[in-house]
Amino acid sequence: MAGSNNFNITPPRWLLAELTYKCPLQCPYCSNPLDYTKHSTEISTEDWKRVLSEARKMGAVQLGFSGGEPLTRPDLVELVLHAQQLGYYSNLITSGYGLTEEKIAQLKHAGLDHIQISIQASTQELNDYLAGTKSYETKKQVAHLVKNLGYPMVLCVVIHRENIHQMPQILEMAEELGADYLELANTQYYGWAHANRDLLLPTKEQFDEAESIAQAYKEKVKDKMKIYYVIPDYYEDRPKACMNGWGTTFLTIAPDGIALPCHSARDLPGLDCPSVNKYSIEEIWKESKAFNFFRGDDWMKEPCRSCDEKEKDFGGCHCQAYMLTGDMYNADPVCSKSPEHHVIQEALDSAKASALSENEKPLIFRNSKNSKLYVKPEKDNLNG
Amino acid sequence: MSIDPNLLIKFSPMHRLQWEEAQQKYVILYPEGLVELNESSAEILQLCDGSRNLNQIVAELEEIFSASDLKDDINNFLEVALKNGWIEQL
Ligand code: SF4
Ligand code: SF4
């Protein structure tokens, strides 16, 4: 397989089970692939159970059920129960939409450890606009139900130019809802967020102001609510460490059973991401081309190859390098040492121009109709 | 935050302490988080079951390891644990 084995293969510790791409909401910053409708087949309950068992045996212990909206899978409770029996710590990552009191009780009974609910904004109007669906009131009710059942309550709000001005109200809302953890996730520009980048990327001034408000609040509520602030890497001069190191910690399984070293890896050329229908998790983790592709540092080019920070960030995100420079072996252009670093400034300038323009183009919402526009015609696939 | 020697110490109900066979070590699990523990940290945390205070934990570990100077190390670790929310005092 690719590369030499001058590294130890560590066991996977996190399994991200993307159960489905179905979702009743249409967030324009969704990280699912643009052409998700092309991958609409879903593996069966029995397949998922085998995946959970095999990954657990190899060492995976943190388990995220996500999607799409994982609640749309009718076998969710059954899978949670299976995960509990295997000794996973299971997290449900949900929009909260469709989560009834009865369902939460069933999930709790089956052994679900934690529920993360995402809210789009601090007002009903903006939340419902961004979600593309009336969902604000339901989400707030669900947050209370989750809290009442004794779950640690984790609220996630994705931050971008459409809601960044609500930072003070978002913080107050989280405190009012009794959140134990608040994740303020600045949008990462993959999938739908990348397509909508001109409309979502905040200006540096907006970002700095929001950050200082969040940091001050963090001090104020530090004994009550933990705030995680996910930095938007476009305003950094070093990239984020790719998945804690490619193929070292994280294993993602897409709805159709394709195993991914990172959630966007399907878009990278020539990785041949393996399917759980053909291989065991052990074969996938240890032997597959995709999981070995960026292990170690044999693949690196300059400036990463001779960089003394390469142990820290592993050259950054390969998907971002591919998306923004066309070459996945390049340094992540977020890095100021990258010769392509200018593409980041160009993106910031382009977003700013869009914000100032009289007739800004509309957001592209994540739904099947729009997704079909991104599905490449078959002949491209034959060449690719 | 420091450890009150008079109060009992209990592992947090929001976290889970678990032995991992594949890794041959104890881990702490919490919402979307995972901490891998070394042997001595795991020994200390296992005694945090709400029935002992600081001195009782120290006495017990000193006996297990036939040592007499563990108090500072244990106290330092428990302060970190308290700050991270892994344990609470009752
Ligand atoms: S980000 Fe929004 S659209 Fe995407 S899966 Fe989550 S809730 Fe659905
Ligand atoms: S040059 Fe490469 S390894 Fe060095 S800091 Fe930049 S991205 Fe990381």
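The values are calculated or read from the model by the stated rules, or taken from the named source; none is laboratory data. For clarity, every value in this text was computed on a predicted model and none was experimentally measured. Quick reminder, even Gly has a Cβ in these numbers, built from the backbone with ideal geometry, and neighbours come from all protein chains shown. Surface accessibility is based on the protein's heavy atoms, side chains included, excluding ligands, DNA and RNA. Shrake-Rupley method; radii C 1.70, N 1.55, O 1.52, S 1.80 Å.
A compact table of results
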read-out: Contact order normalised by residue count of segment B:8-84, Cα under 8 Å, 6+ apart, percent; value: 26
read-out: Protein-only accessible surface order, largest first, of A:123, A:249 at 1.4 Å; value: A:123, A:249
read-out: By accessible area with a 1.4 Å probe, ligands and nucleic acids excluded, highest first: order of A:231, A:104; value: A:231, A:104
read-out: Per DSSP, loop trypsin sites (Lys or Arg not before Pro) in segment A:53-135 with at most 15 further Cβ within 10 Å; value: A:134
read-out: Histogram of C-alpha separations across chain A, 20 Å bin width, %; value: 27, 61, 12
read-out: In Å², nearest 10: area of residue A:41 left accessible to a 1.4 Å probe; value: 100
read-out: Accessible-area ranking of B:17, A:177, largest first, probe 1.4 Å; value: B:17, A:177
read-out: Semi-axes of the equivalent ellipsoid for segment A:16-73, Cα gyration tensor, largest first, Å; value: 23, 13, 10
read-out: With every protein chain in place, segment B:8-84: carbon and sulfur % of accessible area (1.4 Å); value: 46
read-out: DSSP-assigned coil residues among GluC sites (Glu not before Pro) in segment A:326-379, each with at most 11 further Cβ atoms within 10 Å; value: A:358
read-out: Solvent accessible area, Å² - residue A:14, 1.4 Å probe, full protein context; value: 50
read-out: 15 Å beta-carbon shell around residue A:205, net charge (K/R +1, D/E -1); value: -1
read-out: Chain A, relative contact order in percent, only Cα pairs under 8 angstrom and at least six apart counted; value: 21
read-out: Of A:240/A:301; A:38/A:310; A:22/A:108; A:57/A:278; A:38/A:108, pairs whose Cα-Cα distance is over 25 Å; value: A:38/A:310; A:38/A:108
read-out: Residue A:213 accessible area, assembled protein chains, probe 1.4 Å, Å²; value: 50
read-out: Label-point gap, in nm, between residue A:102 and residue A:305 - each point 7 angstrom along Cα→Cβ; value: 6.3
read-out: Per residue solvent-accessible surface (Å²) - segment A:23-102, probe of 1.4 Å; value: 35
read-out: Interface size B-A, as summed buried accessible area [1.4 Å probe, Å², nearest 100]; value: 1500
read-out: Minimum 20 Å² accessible area buried by the other protein chains, segment B:10-59 residues, probe 1.4 Å, relative to alone; value: B:14, B:16, B:18, B:20, B:22, B:23, B:29, B:30, B:31, B:32, B:34, B:36
read-out: Above-threshold pairs, the threshold being 28 Å between Cα atoms, out of A:226/A:337; A:224/B:71; A:140/A:376; A:139/A:224; value: A:226/A:337; A:224/B:71; A:140/A:376
read-out: Scattering profile of chain B at q = 0.11, 0.12, 0.19 Å⁻¹ [log10 I(q)/I(0), Debye over alpha-carbon scatterers]; value: -0.29, -0.34, -0.85
